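Q: After the structure tokens below, expect a handful of questions from me.
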Amino acid sequence: MPTNPLPTVVTVREVGLRDGLQSIARTLPTAHKLAWLQGAYEAGLREIEIGSFVPARLLPQLADTAELIAHALKLPGLVVSVLVPNLRGAEAAIASGAHSMVLPLSASHAHSLANLRKTPDEVVAEAARIRAARDSAGSSMLLEGGVGTAFGCTLQGEVKESEVLRLMQALLDAGCDRVSLADTVGYGDPAQVQRLFEKGRALVGERLWCGHFHDTRGLGLANVYAALQCGITRFDACLAGIGGCPHAPGASGNVSTEDLAYMLRSMKIDTGLNINALLGLRQQVATWLEGEALHGTLWQAGLPKTMKETA
């Protein structure tokens with residue numbers, strides 16, 4: 001049974017410019033990224049993960065993150081988010097003026113070592129250093145700890161709920177303002193999602209505020225619904241359902257922004273998103289990423305006659 005009435009308003013954070021593009025070998029020209037950013041904003045998205053401050057030699061696809069942030073900060077009402085893997089990245093994020101930074105942590109020990117070259121508890125220690133750096137800089141930037149592989153791992157297999165909950169609390173104790181849960185490799189199912197989010201909300205309350213789901217095995221939107229039942233009102237999504245983890249073979253990417261927007265609109269949940277504008281942007285991005293695998297289903301069928309776009 002739902003623990004809360006379904007929310008009436010949900011925030012969708014677009015992560016295509018970071019999570020989507022980092023999984024694609026080609027480097028999209030900055031001009032195209034700026035057009036994507038502008039199109040997403042015009043479609044009603046008011047929270048966008050712009051990129052990541054990682055060395056350009058590791059992710060050349062995201063080397064222009066600072067330039068994109070500078071443009072994004074000119075868009076009224078847009079919450080500009082960026083991923084940071086460590087203290088150096090966080091220092092660059094603070095200097096950029098972005099509003100929010102996400103520090104990823106893998107609850108799976110094996111995935112953490114493979115992906116971040118740190119143990120989960122070493123990432124917690126890094127969170128404390130990042131919090132100290134933010135405070136000493138006089139910044140009001142939000143620090144979010146993103147707990148990945150929360151529902152299982154392709155390298156380790158099972159990830160115990162108790163370990164996920166421990167690490168969530170540890171991140172908050174280290175100075176993170178908020179935490180989120182991510183199904184990095186698409187192992188979660190709705191019952192599992194509801195159970196873990198219920199336990200997480202019981203432990204840390206509204207400081208657990210975001211769900212990040214991948215549609216690897218076709219359960220992305222079902223898992224969003226399970227989290228909605230627990231009172232979660234913020235979800236990550238990616239235009240055209242691209243993105244994924246290098247340690248998730250066969251991954252089909254993130255929950256599609258346009259499919260998520262359609263599901264929520266159909267359920268009378270307000271997102272502020274113009275679905276037709278999202279579909280138009282998807283079509284534009286598809287021309288830039290010709291030959292890449294794109295996902296989602298709404299673009300094939302369009303809106304039903306029972307739903308009129310009013311935004």
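Throughout, read-outs are computed from the coordinates displayed, never taken from laboratory work. Nothing here was measured: the structure is a model prediction, and the numbers come from that model. Don't worry about glycine lacking a Cβ; one is built from the backbone with ideal geometry, like all the others, and counts go over all protein chains shown.
Q: Out of all DSSP beta bridges in the chain, what portion is antiparallel? Express it as a percent rounded to 5.
A: Antiparallel bridges: around 5 percent, rounded to the nearest 5.
Q: Something else about it: Stokes-Einstein diffusion coefficient for segment 109-263 at 10 °C in a medium of 1.306 mPa s, Rh from the Kirkwood formula over Cα pairs: what value in µm²/s?
A: 101
Q: Under a point spin-label approximation (7 Å from Cα along Cα-to-Cβ), what is the THR287-ILE269 distance to one decimal in nm?
A: About 3.3 nm separates the two model spin labels.
Q: Quick check on packing: order 157-164, 52-59 by the mean number of other C-beta atoms within 10 Å, highest mean leading.
A: Descending mean neighbour count gives 52-59, 157-164.
Q: Are there trypsin sites (Lys or Arg not before Pro) in segment 58-123 that DSSP marks as loop and that have at most 12 other Cβ atoms within 10 Å, and which are they?
A: Here the sparse-neighbourhood loop sites are LYS74, ARG117.
Q: In segment 11-301, how does Rg compare with the Kirkwood Rh, expressed as the Rg/Rh ratio over alpha carbon atoms?
A: 0.93
Q: With θ set to phi - 60°, apply the Karplus curve 6.51 cos²θ - 1.76 cosθ + 1.60 along segment 198-214 and write out the HN-Hα couplings as whole Hz, x wherever there is a Gly or Pro.
A: Using θ = phi - 60°, the values come out as 4, 5, x, 5, 5, 7, 10, x, 6, 6, 8, 10, 8, x, 10, 10, 9 Hz.
Q: In whole Å, what are the extents of segment 1-98 along the principal axes defined by its C-alpha atoms, from largest to smallest?
A: 48, 29, 28
Q: Next question. So if we plug the beta-carbon distance of LYS74 and GLU158 into 1/(1 + (r/R0)^6) with R0 = 45 Å, what FRET efficiency do we get, rounded to 0.05?
A: So, using R0 = 45 Å, E works out to roughly 0.45.
Q: Given points 7 Å out from each Cα along the Cα-Cβ axis, report the ALA125 to ARG26 separation in nanometres with one decimal.
A: Taking the two extended label points, one gets 4.3 nm.
Q: Taking other Cβ within 10 Å of each residue's Cβ, how do HIS111, HIS212 sort, fewest first?
A: HIS111, HIS212
Q: Further question on the same structure: With 22 Å as the limit, write out which pairs from LYS268/LYS308; LYS160/LYS199; LYS118/LYS160; LYS268/LYS305; LYS33/LYS308 have Cα-Cα distances beyond it, or answer none.
A: Beyond 22 Å: LYS33/LYS308.
Q: At LEU203 and ARG217, where each label point lies 7 Å from the Cα along Cα→Cβ, what is the point-to-point distance in nanometres?
A: Calculated label separation equals 2.2 nm.
Q: Sort TYR187, TYR41, TYR262 by Cβ crowding within 10 Å, fewest neighbours at the top.
A: Fewest-to-most Cβ neighbours within 10 Å comes out as TYR41, TYR187, TYR262.
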